[in-house]
Structures are given as structure tokens and as C-alpha cells.
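Notes follow once the structure below has been shown.
The values are calculated or read from the model by the stated rules, or taken from the named source; none is laboratory data. The shown structure was predicted, so the numbers you read here are calculated from the model rather than taken from an experiment. Reconstructed Cβ throughout: ideal geometry from the backbone, glycine too, with neighbour counts over all protein chains shown.
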Amino acid sequence: MGNLSEKYVWEVPVRVTHWVNMVCILTLSVTGLYIGAPRTLALTPSEYVMGWVRFVHFVAAYAFAISVASRIYWAFRGNRYARWQEFFPILTREGRWHMFETFRYYTFLSRQIPHVTGHNALAGTAYAVVFLLYLVMIVTGFALYAEHAPQGTLHTLVGWMFALFSNQGIRLTHHLTMWLLIAFAIHHVYSAWLMDVKEKGGVMSGMFGGYKSVRERN
Amino acid sequence: MGHTDKGDGTDSVERHLDLPRIFAERGISRRDFMKFCTAMSAVLALPVTLVPKIAAALEADGRPSIIWLEFQSCTGDTEALLRAANPTVGEIVLDVLSVDYSETIMAAAGHQAEEARMKTLKEQKGKYIAVVEGAIPVKDGGIYCCIAGKSALDIARDVCGNALATITVGTCASYGGIPAAAPNPTGAVGVKEAVPGATVINLPGCPVNTDNLVATVVHFLTFGKLPAVDGKGRPLFAYGKRIHDNCERRPHFDAGQYVEAWGSEAHRSGHCLYKMGCKGPETFHNCPIQRYNEKTNWPVGSGHGCAGCSEPQFWDTMTPFYKRLPNVPGFGVETTADKIGTGLAVATAAAFAAHGVVSAFRRKDEPEREKEE
């Protein structure tokens, strides 16, 4: 038995980048779907539907890139729940055991709910993969965007992509990774809800206020 | 390109033919010539003040010899050059360049032809310009393309390796093109890959745009060096901008007006071909400005999407030509990324919904520590 206490887990940069990412991913997915398969929405050529959709897409892309970069920075500066070690439990023996335990719970093989203060081991691993997907999206997206100015700074930064991959391959990757992130978002919302219900740690509200309910052993 | 047979000592005579006289003979006025020089300065994005310099360079004697090699090709680039309805100034500029060897159009044949090449190779070593049309097969020792008993690879090494510079005309010579399309049975490659030591400037396109070829030569004659190139060895004046960014249909793209079916009202109205698989957004070429066949038209202008022909491996990477995105490998021919993605999203949602239902009915899950009620 332990006393229930409120613990400050998610610091401000973690929460801000989380919600900025969410808004950006939603915006980028909706605008991206239109850019990938547009409908004729304009009656005259003097309208600017695709122009605005692309403008929103690019602005959201910059916001997203800055947010992801900030979060990576915070992985080296933040508290223990924000640190990069949280995302690579696979590196330690204890972490691998937590991953196995969590996997057993998720697949109904165990009734023991893993109670951790920060991310559970599988969630942390999933976020490491998701951040990798973020980086893929940012690099492929800015590479495609840079093509409007092939002698520009941005193209110098990401132009190496075109030496390694075909242009259409980069486009396809950008498209498919969006779907992987949409699938992740579905999983993410469900898992957060599940853990909120079962674990009773207040993980959902924790992402707004920063506090989670933690029981301490006497 | 009539004056090609140089095996018999007419060389020196021809070298001293002055351009103004040739123009007069062919009915091209001084005014036409200056118009051409002005147009060239525009193609090369040079200030108009350089027009006299271009004119002087073109009129000066000292044009380099050219050896035009043809390997795995359809002769489309030669055709693009030759099929001009009227003799253009550009054609004559190339004409008086002293084309010492060109399989398609030279009068000499057999040993005579080979002699002409060897002569230029020996006498003009390091001073002539090689123009290459067609890919070079390197598989099995290069046996898939042989001329006069020598493989294309050996000829290219010999000719391009000793040239002042090599201009590749068309995508095949630049990057392997259609002969190099998967599975590339002959191991076809472009000149730069076949002869890495050569100084190569790539003029891809299917076919090459003659204006760009002439402009490259004019640049060389005017400044004594080749124009600046991009990462794929293409001159920036012709390949520095995307087709999409200079396209006459671009306003329809930005507005949001797309062709959805061939022959539809939108198609006839000249709307954007983006949804019909146009590869203008990923292709760098000056087609919208230079156009083909004496600036008559170009593919997108005539209602067909860009096939991306001036990009490396376009036959493999730009296909399917009539779809925006490539097919996803391993998922069957007609399966698009969006179908797979929708399937993935639905499957994920279904899996977690099932998990949720099971979770809801499991009431005895235990937290590691007991709850305080």
C-alpha cells in the first residue's frame, strides 16, 4: 500500500511540443491529403485554393520541425521522464523486462498492469520509432519543398536526398509515412485511454496539467 | 551539317569560310543573325550587353572540331537537330563547327569514316568537342554495341577521354535513359559513368532540345568554357528551374483546377495535368520556355503530362506516367499508397476497437499496488 500523491511528470516543453505536434500533424495530414489528391474547387484561375493549402502545409511544416527539434533538445535537458533514456528501454536489461511485461499485459497474457510514472517501456519504444518517422517526414518534406529553388540554402541542406533516392521515391515515402503516423495516432489515443482507465494514473489529464497520480510505497 | 567529309585535305579551306558569307548564301540577314545572338543571350540568362560579344565570338574563326558519336539510341536527337523546317541560324552555327564525324549524316563510310575520326583524334587531341548520343553498354565487355569492330565503351574512352569536353545529347547518353531501364539487359550507362575521367556536360531530354545544345556551344565559343552545371551535370541555364514553376498551366494548379479525365472540359480548357500524372513538379528543364520544334509547342502545352524525361532513370522512377505516385513495391500493380494507407488506418482502428472491447470486459486487471478506495 502506498499514499496517493500528485507528481509533476510532464514539464512545460514536453506538453507544449506534444500539443503543437498534434495540431501540426492534423493540419499537415489534412492539407497533405488535398495536395496529394486534389479536387477541383476553384471556378476561375484567379482563385488560389491549392496555393493557400500549400501555404498552410508549409507553415505547419516549419512549426512541426521546430517543435520536434525542441523536443529532441529537451530530451537532453529535461527531467528523467523527458530524457532520451525513456525512449530506449531496449538498451537496459531492466528496460527489456518492462517491455516484456507490458507486452504480456497488452496481449491479455497477464493481468498485472505495469505502473510506471513516466512512459511505460513499450510506449517509450513506440515514441522512439515515431520520432524517427517525424525525422523522415521532415527530411523528405523539406527536400521536396526545396525543389522550387534548387540553388537555395534549403536545397543545399537536404539536396543530398536526391543523390541517394529517386524524386518519386521520396514523394512515396512522404505519403506512406503519413499513413503510418495516422495509424500511430489511432493507436496512441486508444492506448492513452486504456491506460487512463486501467492504470488510473491520470495519464490523459497529465498531458494537460503535467501532474500524474503516483502511489508511493511505505 | 553538310561538310563532314574531311578526309581529303579540304579541311583548311573549310576552316576559313566566314560565317557572314555563309549566312548571305543561305538567305539569312544580318538582322536575323543579331536576333539569334540576342535570343541566345536570353537562353543563357546573360545581359543584353553581351550580345555583341556573342556575335563576335560566332563570327570569329576558331570553332572547334566536333566528333558526333552515336551508340544505343533511336537517333531522335540527331533528328531533332536535322528536322528543322527552315535552316535556322543555330543549325548553321553547328554546321560550320566542322563536324568531322557523325555516323548518321557523314558522307564517308566504312574505313574512310573511321579515318576521319582517327585524324581528328590525332590532330586535335584535347581540342575537339565530342558530342555523344545514346547509352553505352558496359555489360560483358561492352559487346552489345560495336562500331567498326570496336565496342562503344572503347570508342567512348578513346574519343571522350581525349576531348576538350563531351556534350551528351539526350537522356540515354547522359544517364543511360531507355536502354538502361530495368532490368537493363546490356548494362547501359551514361557517358560520365562509362568514362569517369572525361569532362562531361549533360543535356538530357528525350530528345535533347536543340536550342539548349546550340546555347551550350555558343556559351563555349563566347567564353571559352562550359556553362555552370547542377549536381547532375546539367547546365543551369537550361535545367536550373522546375518545369512546374515555369509552366503555362501553373495558375490552374495554384487556383485548384485539375484535369480529371482526358478529353474532358477541364482538359480542353487547359487546366493543370497534376492529377493525370504530370511529372512537371519533379523535373528540371526549360521546356515551358524553349519548347520544341522551333518553339512550336511542348508536351504539357499540347495537353499531355510531363514524363520527366530529363531526369536520370526516368523510365523506372517516373512511371506510371499517368499517376501521381509510383506503385508500392510488393502490393500488386494498381495498389496506390492511399489505398494501402486507408487499409492500414482501418485495420489499426479495428484492432484497437477489438482490444478495447476485450479490455472493457476484463474486470480483474490488477495494478501493481492496490487501490485506495
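Numerical summary
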{"quantity": "Residue that is farther than 18 Å from B:Leu203 by Cβ and in contact with a helix residue (DSSP H, G or I) (Cβ under 6 Å, 6 or more places away or on another chain), where the choices are B:Pro320, B:Pro281, B:Pro288, B:Pro312", "calculated": "B:Pro281"}
{"quantity": "Exclusive hit being modelled with pLDDT under 90 and either under 23 Å from A:Met178 (Cβ atoms) or surrounded by 15 or more Cβ atoms within 10 Å (Cβ to Cβ) (or both), set B:Phe331, B:Phe361, B:Phe321", "calculated": "B:Phe331"}
{"quantity": "Filter result (in a helix (DSSP H, G or I), surrounded by fewer than 19 Cβ atoms within 10 Å (Cβ to Cβ) and either without any contact (Cβ under 8 Å) to a residue 12 or more places away in the chain or at the interface with chain B (Cβ under 7 Å from one of its Cβ atoms) (or both)) within region A:156-175", "calculated": "A:Thr156, A:Trp160, A:Ala163, A:Leu164, A:Gly169"}
{"quantity": "Within region A:1-33, tally of residues that are crowded, with 18+ Cβ neighbours inside 10 Å and within 22 Å of B:Pro251 (Cα to Cα)", "calculated": "2"}
{"quantity": "Scope region B:250-265; condition among the aliphatic types (A, V, I, L, M) and facing another protein chain (nearest Cβ under 7 Å); matching residues", "calculated": "B:Ala255"}
{"quantity": "Scope region A:146-166; condition of a type in the set (S, T, N, Q) and either in contact with a Ser or Thr (Cβ under 7 Å, 6 or more places away or on another chain) or more than 21 Å from B:Gly240 (Cβ to Cβ) (or both); matching residues", "calculated": "A:Ser166"}
{"quantity": "Within region B:102-116, considering residues that are acidic (Asp, Glu) and crowded, with 16+ Cβ neighbours inside 10 Å, the one modelled with the highest pLDDT", "calculated": "B:Glu114"}
{"quantity": "Residue among A:Val139, A:Val68, A:Val59, A:Val129 that alone is buried (at least 19 other Cβ atoms within 10 Å of the Cβ) and modelled with pLDDT of 95 or more", "calculated": "A:Val68"}
{"quantity": "Check on A:Tyr8, within 17 Å of the chain's Cα centre (by Cα) and either at pLDDT below 90 or among the aromatic types (Phe, Trp, Tyr) (or both)", "calculated": "no"}
{"quantity": "First in region A:43-59 and within 7 Å of chain B (Cβ to nearest Cβ), second anywhere and acidic (Asp, Glu), Cβ under 7 Å, 6 or more apart", "calculated": "A:Tyr48/B:Asp254; A:Met50/B:Asp254; A:Gly51/B:Asp254"}
{"quantity": "Members of region B:117-158 found to be closer than 29 Å to B:Leu221 by Cβ, of a type in the set (D, E, K, R) and either touching a Ser or Thr at 6+ places or on another chain (Cβ under 9 Å) or at pLDDT below 90 (or both), listed by number", "calculated": "B:Arg117, B:Lys119, B:Lys122, B:Glu123, B:Lys125, B:Lys127, B:Glu133"}
{"quantity": "Count of region A:100-121 residues which are under 22 Å from the mean Cα position of the chain (by Cα), surrounded by fewer than 19 Cβ atoms within 10 Å (Cβ to Cβ) and not in a loop (DSSP other than H, G, I, E, B)", "calculated": "2"}
{"quantity": "Pick from region B:216-230, criterion under 14 Å from the mean Cα position of the chain (by Cα) and not acidic (Asp, Glu), ranking: nearest to B:Ile129 (Cα to Cα)", "calculated": "B:Thr216"}
{"quantity": "Residues (facing chain A (nearest Cβ under 9 Å) and either hydroxyl-bearing (Ser, Thr, Tyr) or not in a loop (DSSP other than H, G, I, E, B) (or both)) located in region B:303-324", "calculated": "B:Asp316, B:Thr317, B:Thr319"}
{"quantity": "Single residue of region A:12-67 satisfying the filter (of a type in the set (S, T, N, Q) and over 30 Å from A:Phe208 (Cα atoms)) that is nearest to the chain's Cα centre (by Cα)", "calculated": "A:Thr40"}
{"quantity": "A:Ile90 part of a helix (DSSP H, G or I), touching a helix residue (DSSP H, G or I) at 6+ places or on another chain (Cβ under 9 Å) and more than 13 Å from every other protein chain (Cβ to nearest Cβ)", "calculated": "yes"}
{"quantity": "Residues satisfying the stated conditions in region B:238-256, i.e. farther than 19 Å from B:Lys192 by Cβ and in a helix (DSSP H, G or I)", "calculated": "B:Ile243, B:His244, B:Asp245, B:Asn246, B:Arg250, B:Pro251, B:His252, B:Phe253, B:Asp254, B:Ala255"}
{"quantity": "Every residue from region A:37-48 that is crowded, with 18+ Cβ neighbours inside 10 Å and either closer than 26 Å to A:Leu180 by Cα or at pLDDT 95 or above (or both)", "calculated": "A:Pro38"}
{"quantity": "Qualifying positions in region A:72-85 - surrounded by 14 or more Cβ atoms within 10 Å (Cβ to Cβ), part of a helix (DSSP H, G or I) and touching a Phe, Trp or Tyr at 6+ places or on another chain (Cβ under 8 Å)", "calculated": "A:Ile72, A:Ala75, A:Trp84"}
{"quantity": "Residue tally, condition modelled with pLDDT under 85 and part of a helix (DSSP H, G or I), over region B:4-31", "calculated": "12"}
{"quantity": "Options A:Leu144, A:Leu194: the member that is closer than 21 Å to A:Ala63 by Cβ and either part of a helix (DSSP H, G or I) or within 8 Å of chain B (Cβ to nearest Cβ) (or both)", "calculated": "A:Leu144"}
{"quantity": "Qualifying residue in region B:163-184 (condition: modelled with pLDDT of 90 or more, among the polar types (S, T, N, Q), in a helix (DSSP H, G or I) and closer than 16 Å to B:Glu70 by Cβ)", "calculated": "yes"}
{"quantity": "Filtered residues of region B:222-265 (kept if farther than 29 Å from A:Ala146 by Cβ and surrounded by 19 or more Cβ atoms within 10 Å (Cβ to Cβ))", "calculated": "B:Thr222"}
{"quantity": "Residue match in region A:156-179 (condition: closer than 18 Å to A:Leu26 by Cα and either in contact with an Asp or Glu (Cβ under 7 Å, 6 or more places away or on another chain) or among the small types (Gly, Ala, Ser) (or both))", "calculated": "no"}
